[in-house]
Every structure is written in C-alpha cells, then in structure tokens.
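The structure appears right after this line, and notes come after that.
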Amino acid sequence: MIRLENLSKIYGSRENPIVALHDVNLTIQTGEFIALYGRSGSGKSTLLNLLSGIDRPTSGKIFVHAAEVTAMDENRLTLYRRDTIGFVFQFFNLLPTLTVLENVLLPGQLNKHSASKLRERGLHLLAQLGIADRHQAWPDQLSGGQQQRVAIARALINDPQLLLADEPTGNLDSETGLHILEILKSLSANHDKTILLATHSLDAAQFTDRVFQVKDGALVAQTNKAGK
Ligand SMILES: Nc1ncnc2c1ncn2[C@@H]1O[C@H](COP(=O)(O)OP(=O)(O)O)[C@@H](O)[C@H]1O
Ligand SMILES: [Mg+2]
C-alpha cells in the first residue's frame, strides 16, 4: 500500500513561490493501476518524482509498504529507488552506446545477482515483451514502441513493486501507445505491480483502474469506473 499524507511541493523563492503540489492525500492499494491525468504543468511529474525519491517534498509524508520514504536518508533512498521503483519515461532514455540487452541489465548490475542469472532474467523479460530477438540491436535500430518495451524491461529488471510511468505513450502513435498501455495493464493485473501513469491523455487515463485529475497541484477529481 502507498499513502501520501498532506503532500506539498513548492519551488521557487519565498517571494515567488511556485506551488507544484498542494496538500495531496492519496491511498493506493498494491496492484492498482492508477492514472494521474492533467494538463502540462499540473504537477504530475512532481508527484512521481517525490514518490521515487528523486525529489523531496516541502511538507507531508510518503509511505510505501509501511516504510516512510520521506524519512529516509540518501543511502536508504538509493536502495529504495533501486529495489522498489521502476521508472518509464516519455523519451525512453535508453543509452545509445549500449545494446538492448545491456540497457535492460544496467540497473541490475548494482545488485548482488550473478551475471549469468541477471542475463537470463533480462532475456526472459525481453521475451515477455516480445522483443527477445532484438536483444543485440542498438536502441536507434528499434521503433519507438520497441524502445519503450525495452525501457519497460529495464524498469522491471530488479522486480520493483512500484512502476512509475511519466507520459510513456506521449511520443508514440496511438496504436503503439495502446499496446504499451496494455502491457502496463497486464503487469498490474497479472504480476501485482502497482503502477502510476502520468498522462495528459484522457483516453490513456481511462485504461487504468482509477483516474485522478491533477489540477494546479491538487487532486480534484476521482472517477471510479463502473464495476471497479
Ligand atoms: N525544478 C523545478 N523548478 C521550478 N519549478 C518547477 C520545477 N519542476 C516543476 N516545476 C513547476 O511545477 C509545476 C508542476 O510541474 P510538473 O510536475 O512538471 O507538471 P506536469 O508533469 O503535470 O507537466 C509547474 O508549474 C512547473 O513549472
Ligand atoms: Mg510532466
């Protein structure tokens, strides 16, 4: 379970504060697929960055599986990011000088698994995502949708409980984007991953179990789809 308590983030100076998030409260169950839907500048990325410990809130608390993220020192945060969080980005962020498989294995190399076990797991994930045959390719030899599937495999290499996807379909055509959303949905439904999807697309948001509208740094709307 994830709990956000009175979470606020203010950038800028005391004279010119930029309120990116204002008093956000949210509880998410393990395995839920959640959309944060809102226009550009509404605070979606800020929320994901606070959850992943990349950034710290101005006030408020974050609990992930009973651990208080907001109380962690830098060393614990590094381990938390490595072991608990997988991140997927709009522009894939693959390293162009590494092969597909090397990109997938990179975050796993800081872990204690043997190189052969890790490689096996990387290939297994690529196979699950339907791109094992491209494991020796370079990222720029792949289509956008294939690159995003590689990025998802990379995000899963340490078997994180929480997957954060920041506009993952924002750079894909709608059919390819739909495929990526289906992959995310099946990760939450079949593999019990908790997933937060930040998106400005209502179509994408409606793919999830619960939609929260983010507006001027606040969660204002909450649409529970029928039957959920
Ligand atoms: N590092 C930063 N410094 C100053 N302002 C920022 C910073 N990051 C985000 N903001 C501001 O916070 C608000 C929310 O931004 P963001 O979370 O990136 O929104 P979204 O992801 O929904 O587009 C915006 O007004 C943005 O300009
Ligand atoms: Mg953003």
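The values are calculated or read from the model by the stated rules, or taken from the named source; none is laboratory data. Everything numeric here is computed off the predicted structure, so don't read it as measured data. Glycine also receives a Cβ, built like all others from the backbone with ideal geometry; neighbour counts cover every protein chain displayed.
Hey, could you check the range 194-207 for residues that are modelled with pLDDT under 95 and over 13 Å from G38 (Cβ atoms) and say which is nearest to the chain's Cα centre (by Cα)? This residue is F207.
Of the residues T70, T78, T58, the single one that is more than 16 Å from ligand 2 (Cβ to nearest atom) and touching a Pro at 6+ places or on another chain (Cβ under 7 Å) is T70. Each residue in the range 146-168 was checked for being out of contact with any strand residue (DSSP E or B) (no Cβ under 7 Å at 6 or more places or on another chain) and more than 16 Å from T99 (Cα to Cα), and 2 pass.
Note on the range 1-110: enclosed strands (runs of 3 or more DSSP E) holding 2 or more residues that are farther than 27 Å from E182 by Cα are 2-12, 17-28, 59-64.
Consider L156 carefully, then state whether it is aliphatic (A, V, I, L, M), within 17 Å of D83 (Cα to Cα) and buried (at least 18 other Cβ atoms within 10 Å of the Cβ).
yes
The listed residues are V88, V64, and the only one of them that is within 18 Å of the chain's Cα centre (by Cα), more than 20 Å from H22 (Cβ to Cβ), within 16 Å of ligand 1 (Cβ to nearest atom) and at pLDDT 95 or above turns out to be V88.
Among the numbered conditions (1) within 16 Å of ligand 2 (Cβ to nearest atom); (2) in contact with a helix residue (DSSP H, G or I) (Cβ under 6 Å, 6 or more places away or on another chain); (3) among the hydrophobic types (A, V, I, L, M, F, W, C), the only one that I34 does not meet is (2). Checking V69, V24 one by one, the residue that is without any contact (Cβ under 8 Å) to a residue 40 or more places away in the chain, of a type in the set (A, V, I, L, M, F, W, C), touching a strand residue (DSSP E or B) at 6+ places or on another chain (Cβ under 8 Å) and crowded, with 18+ Cβ neighbours inside 10 Å is V69 and no other.
Per the listing G43, G38, G12, the residue uniquely within 15 Å of ligand 1 (Cβ to nearest atom), free of Cβ contacts under 8 Å to residues at least 24 places away in the same chain and either on the phi > 0 side of the Ramachandran plot or surrounded by 13 or more Cβ atoms within 10 Å (Cβ to Cβ) (or both) is G12.
Highlighted here are the helices (runs of 4 or more DSSP H) found entirely within the range 137-228 that include at least 3 residues which are within 15 Å of ligand 1 (Cβ to nearest atom): 202-205. Among the residues making up the range 152-181, a single one is free of Cβ contacts under 8 Å to residues at least 24 places away in the same chain and closer than 18 Å to A127 by Cβ: D159. Evaluation of L178 against the conditions (1) surrounded by fewer than 23 Cβ atoms within 10 Å (Cβ to Cβ); (2) closer than 21 Å to N103 by Cβ shows that the sole unmet condition is (2).
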